[in-house]
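Taking it in order: structure first as structure tokens, then the write-up.
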Amino acid sequence: MGVVTATNERTDETRAPGAVLPPLRIGPLQIDTPVVLAPMAGVTNAAFRRLCRESGAGLYVAEMVTSRALVERGEESLRIIAHEPDERPRSVQLYGVDPATVAAAVHMIVSEDRADHVDLNFGCPVAKVTRRGGGAVLPWKRDLFRAIVTQAVAAAAPYGVPVTVKMRKGIDDDHLTYLEAGLVAQDAGVAAVALHARTAADYYSGTADWESIARLKQTVTGIPVLGNGDIWSAEDALAMVEQTGCDGVVVGRGCQGRPWLFADLAAAFAGSDERVRPGMRHVAQTLRRHAELMVEHFDDESKALREMRKHMAWYFKGYVVGGELRARFGLVSSLAELDDLLALLDLDQPYPGEPAEGQRGRAGAPKRPILPYGWLDSRELSEEFRRDLHEAELSVSGG
């Protein structure tokens, strides 16, 4: 990522001595450590959020939920936005393409006191969403983007609940939307904007363009700007803040299999060089507790352990486990079986250093965005597109 010239002068009197940044202000909310857990489908449920919250302060956002499914009170959607009694602030992320449906979902959330913060997702690069004009390609239709954001803010305002926006740079390098979208969101009354510094075409590949975060920060000056992309360590977070001037960071794939990253982030933003360097025993204990919390969350041991399978490779990244044992962890189906497998690990194995660091989770290659026919012909939304957009409301991972 290139070196960016950005001013990072902050004189906020609430900044603690030695702290890198003042607390993050999102409407009436104060986030003492300016770190946000990015919503990740199948990952950031209540069980994983608890592990992260116990490691350090921050804003921990639930898995993305579609506005239509929420308005229809789907059982799974209601489970996704459920929070533990001690979880504050409660944060949810909505995905939607119809302004009225998004507003109805926001109203339901805030009027029933189900969350303290609502984030709107405009970052999903998945083909089955973009081919219908949703996700990361939606801000290209500026009138639709403005309508969704404006109506969502209006629905939340009477209840004092802040609304934020997470987005990507645009469709591809020839169709960038983030600067305009940031200004539209600010004018509509959102409390903050977060930028995943990739386009839809980038998917999760390559290196995040931190210079775009700096440009957004220089453009949107009335509300906090958060940076997202390639934060694999606390040092990465500090570097992003230094290079871009952003007001806080959003962490996604970097915390997969290591919820203790939030302890590192809390220490780093407090000005400390203390870091968690877990040996295998710590990893095994955390993994076991994660599984227990998943069983409590799903109230179904079999389902919980199936959901845990994806986490195994993340937890063991860099550690000596062995191919056969790794494969067995990837098929685990009960807590008893998990205990048997954990007993086979070398629990005295120390932290492996560099092999445990760096990128984790999905990456892959750039992907040509699949768009509705004629989507790029106009920045305005035709009636034909408007009728078809409801099909984009699918339960997919955010971006």
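Every residue in the stretch 222-251 that is buried (at least 24 other Cβ atoms within 10 Å of the Cβ), out of contact with any Phe, Trp or Tyr (no Cβ under 7 Å at 6 or more places or on another chain) and part of a helix (DSSP H, G or I), please.
Answer for the stretch 222-251, where residues must be buried (at least 24 other Cβ atoms within 10 Å of the Cβ), out of contact with any Phe, Trp or Tyr (no Cβ under 7 Å at 6 or more places or on another chain) and part of a helix (DSSP H, G or I): Ala234, Ala237.
State all residues of the stretch 22-38 that are open to solvent by 10 Å² or more (accessible area, probe 1.4 Å), in contact with a strand residue (DSSP E or B) (Cβ under 9 Å, 6 or more places away or on another chain) and part of a loop (DSSP other than H, G, I, E, B); if no residue qualifies, say none.
Of everything in the stretch 22-38, those that are open to solvent by 10 Å² or more (accessible area, probe 1.4 Å), in contact with a strand residue (DSSP E or B) (Cβ under 9 Å, 6 or more places away or on another chain) and part of a loop (DSSP other than H, G, I, E, B) turn out to be Pro23, Gly27, Asp32, Thr33.
For Val137, which of the numbered conditions (1) touching a Ser or Thr at 6+ places or on another chain (Cβ under 6 Å); (2) surrounded by fewer than 23 Cβ atoms within 10 Å (Cβ to Cβ) fails to hold?
So the condition that Val137 fails would be (2).
Could you please find all residues in the stretch 86-129 being more than 19 Å from Leu226 (Cα to Cα), touching a strand residue (DSSP E or B) at 6+ places or on another chain (Cβ under 6 Å) and either open to solvent by 40 Å² or more (accessible area, probe 1.4 Å) or part of a loop (DSSP other than H, G, I, E, B) (or both)?
Ala115
Of Ala284, Ala266, Ala239, Ala201, which residue is within 22 Å of Phe122 (Cα to Cα) and more than 15 Å from the chain's Cα centre (by Cα)?
The conditions single out Ala201.
Can you tell me which residues in the stretch 347-368 are more than 23 Å from the chain's Cα centre (by Cα) and loosely packed, with under 14 Cβ neighbours inside 10 Å?
Asp348, Pro350, Gly353, Glu354, Pro355
Output the number of residues of the stretch 265-274 satisfying the condition of being under 8 Å from Gly56 (Cβ atoms) and open to solvent by less than 10 Å² (accessible area, probe 1.4 Å).
Summing the residues that are under 8 Å from Gly56 (Cβ atoms) and open to solvent by less than 10 Å² (accessible area, probe 1.4 Å) in the stretch 265-274 gives 1.
Here are Val129, Val97, Val137, Val102: which of them is more than 16 Å from the chain's Cα centre (by Cα) and farther than 30 Å from Gly364 by Cα?
Val102
Out of Ala157, Ala188, Ala192, Ala147, report the one residue that is surrounded by 24 or more Cβ atoms within 10 Å (Cβ to Cβ) and of a type in the set (Gly, Ala, Ser).
Among Ala157, Ala188, Ala192, Ala147, only Ala192 is surrounded by 24 or more Cβ atoms within 10 Å (Cβ to Cβ) and of a type in the set (Gly, Ala, Ser).
Thr219 versus (1) more than 23 Å from Lys310 (Cβ to Cβ); (2) out of contact with any helix residue (DSSP H, G or I) (no Cβ under 7 Å at 6 or more places or on another chain): which is the lone unmet condition?
(2)
If I ask for residues that are under 27 Å from Trp232 (Cβ atoms), open to solvent by less than 50 Å² (accessible area, probe 1.4 Å) and either touching a residue at least 24 places away in the same chain (Cβ under 8 Å) or not in a helix (DSSP H, G or I) (or both), which ones from the stretch 299-337 would you list?
Correct list: Met308, His311, Met312, Trp314, Tyr315, Phe316, Gly318, Tyr319, Val321, Gly322, Gly330, Val332.
Determine, yes or no, whether Thr219 is buried (at least 24 other Cβ atoms within 10 Å of the Cβ), hydroxyl-bearing (Ser, Thr, Tyr), within 19 Å of Arg198 (Cβ to Cβ) and in contact (Cβ under 8 Å) with a residue 24 or more places away in the chain.
no
The values are calculated or read from the model by the stated rules, or taken from the named source; none is laboratory data. Predicted model only: the values in this text are computed from it and were never measured. We place every Cβ from the backbone using ideal geometry, glycine too, and count neighbours over all the protein chains shown. Calculation scope for accessible area: heavy atoms of the full protein, side chains included, ligands and nucleic acids excluded. Shrake-Rupley method; radii C 1.70, N 1.55, O 1.52, S 1.80 Å.
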